[in-house]
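Following: one structure in structure tokens, then a few remarks.
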Amino acid sequence: MRIGELAARAGTTTRALRYYESRGLLPARRDDKGHRSYDESDLRLLTQIRTLRDFGFDLEETRPFVECLRAGHPEGDSCPASLAVYRRKLDELDALIGELRAVRETVAGQLVRAERARAELAAEALVPGGPEPLCELGGQER
């Protein structure tokens with residue numbers, strides 16, 4: 001198949017395919033007229049790359065999976081190098097989850113503090129002569 005057909009079947013662009021080819025992830029075969037030529041195995045490689053990219057893997061992280069498929073394995077993640085990439089990605093995700101939990105804790109603490117401060121202002125407003133709470137947009141609270 002030609003580059004346009006492969007791109008359409010894989011749901012990507014010909015530009016992306018040329019880029020993958022320049023990075024050595026897709027083969028650079030040409031037919032007798034000089035057109036790029038692909039087959040079903042190339043579609044499998046591309047599907048593997050796109051799936052991993054959708055999961056947040058960078059392009060270089062897909063290389064062991066592509067090489068595994070090229071070596072004749074039925075799945076791109078059945079080789080030791082692919083498993084190592086999975087392990088590194090899981091470590092990276094665990095670290096990000098930890099960072100997000102810490103940020104969430106901070107934001108939750110800020111919310112509690114802000115709600116207390118707002119409640120105190122509202123209580124003071126009920127006292128004659130107390131301040132009137134203002135909206136963050138500059139208007140008065142209703």
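Screening Glu60 on (1) exposed (fewer than 11 other Cβ atoms within 10 Å of the Cβ); (2) among the acidic types (Asp, Glu); (3) assigned to a loop (DSSP other than H, G, I, E, B) shows it passes everything except condition (3).
Residues in the range 6-56 that are surrounded by 12 or more Cβ atoms within 10 Å (Cβ to Cβ) and part of a helix (DSSP H, G or I): 25 in all. Could you say whether any residue in the range 67-86 is touching a strand residue (DSSP E or B) at 6+ places or on another chain (Cβ under 8 Å) and either at pLDDT below 95 or not in a helix (DSSP H, G or I) (or both)? Taking every residue of the range 67-86 in turn, none turns out to be touching a strand residue (DSSP E or B) at 6+ places or on another chain (Cβ under 8 Å) and either at pLDDT below 95 or not in a helix (DSSP H, G or I) (or both).
The values are calculated or read from the model by the stated rules, or taken from the named source; none is laboratory data. As the structure is a computational prediction, the values presented were derived from the model and not from experiment. Because the Cβ atoms are built from the backbone with ideal geometry, glycine has one as well, and the counts that use them run over all protein chains shown.
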